[in-house]
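**Q** Provided herewith is a single structure, encoded as structure tokens, for subsequent inquiry.
The values are calculated or read from the model by the stated rules, or taken from the named source; none is laboratory data. Everything numeric in this text was worked out from a predicted model, so none of it was measured. Here the Cβ is made from the backbone with ideal geometry for all residues, glycine too, and neighbour counts use every protein chain on show. Calculation scope for accessible area: heavy atoms of the full protein, side chains included, ligands and nucleic acids excluded. Shrake-Rupley method; radii C 1.70, N 1.55, O 1.52, S 1.80 Å.
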Amino acid sequence: MTAIFTGSFDPYTIGHHDIVRRALPLFDHIVIGIGVNERKQYMFSKEQRLKAIGEVYAHEPKVSVETYSDLTVDFARRAGAHYIIKGVRSVKDFEYEREQADINRQLSGVETLLLFASPELASISSSLVRELIHFGKDVSHYLPLPLPLSSLTSHPSPL
């Protein structure tokens, strides 16, 4: 059974990694889908995100990483997935993900599995990490090993 785990992952954090790690026993294969919206501005290119996340799971045969730019349910169909995995950090996340899950199920029959963030990781977000990077702070403890910081350098200033 295949599931997809989708997001912009700009960048991919230890919170994202924790959700995948916890979902792995439930599925034969998880496809991490990096959503690309051409109207949105990203700190890291899709190629940088694809490479960085791919390196995290280089030795995990049950995980693959792809990019997509269409509807998540269409990506799920192409991936052969009947489930979408989403992480929830807060009530705000829950409401948003519930609405998305309802629409996705109506459109395609694909079910969404919500996993609550581990309490110690619930305050970590990609936007927080981007903000810290912008101000030149060390973010290595928010990124999964072996996520290479060099592959996520968006500007010449050191992290």
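**Q** Given labels modelled 7 Å from the Cα in the Cβ direction, how far is it in nm from Ile103 to Asp70?
**A** With each label point 7 Å from Cα toward Cβ, the separation is 1.7 nm.
**Q** Rank Leu71, Leu115, Leu128 by mean-square fluctuation in a GNM of the chain with C-alpha springs under 10 angstrom and give only the top-ranked residue.
**A** The residue with the greatest mean-square fluctuation here is Leu71.
**Q** Using a 10 angstrom cutoff on alpha carbons, build the Gaussian network for the chain and name the most mobile of His134, His29, His59.
**A** Among His134, His29, His59, the largest mean-square fluctuation in the Gaussian network model of the chain belongs to His59.
**Q** With the crude spin-label approximation of a point 7 Å out along Cα→Cβ, what separation in nm comes out for Ala122 versus Leu24?
**A** My value for the distance between the label points is 2.5 nm.
**Q** Report the rotationally averaged projected area of region 62-142 based on its alpha-carbon convex hull, in square nanometres.
**A** 6.9
**Q** Please report the equivalent ellipsoid semi-axes of the chain, computed as sqrt(5 x eigenvalue) of the Cα gyration tensor, largest first, in whole Å.
**A** 25, 17, 16
**Q** Determine the share of the chain's accessible area contributed by carbon and sulfur atoms, expressed in whole percent, with a 1.4 angstrom probe.
**A** Carbon plus sulfur share of accessible area: 55 percent.
**Q** Per residue of region 48-54, in order, report the coupling 6.51 cos²θ - 1.76 cosθ + 1.60 (Karplus, θ = phi - 60°) as ³J(HN,Hα) in whole Hz, putting x for Gly and Pro.
**A** 4, 5, 4, 5, 4, 5, x
**Q** Kindly rank 6-19, 32-45 from highest to lowest mean number of other beta carbons found within 10 Å of each residue.
**A** 6-19, 32-45
**Q** Keeping all protein chains in place, calculate the accessible area per residue for the chain (probe 1.4 angstrom), answer in Å².
**A** Ligands and nucleic acids excluded, the figure is 54 Å² per residue.
**Q** Give a residue-ordered list of calculated ³J(HN,Hα) values for region 118-126 (Karplus: 6.51 cos²θ - 1.76 cosθ + 1.60, θ = phi - 60°; whole Hz; x for Gly, Pro).
**A** Once θ is set to phi - 60°, the couplings for region 118-126 become 4, x, 6, 10, 5, 8, 8, 9, 4 Hz.
**Q** Okay, next question. Taking the chain as a Gaussian network, where each spring joins two C-alpha atoms under 10 Å apart, which residue of Ala76, Ala58, Ala23 fluctuates the most?
**A** Highest fluctuation of the listed residues: Ala58.
**Q** A follow-up question, please. Whole-Hz ³J(HN,Hα) for each residue in region 83-91, computed from phi via Karplus 6.51 cos²θ - 1.76 cosθ + 1.60 with θ = phi - 60°, x for glycine and proline: what do you get?
**A** 9, 10, 9, 9, x, 10, 9, 8, 4
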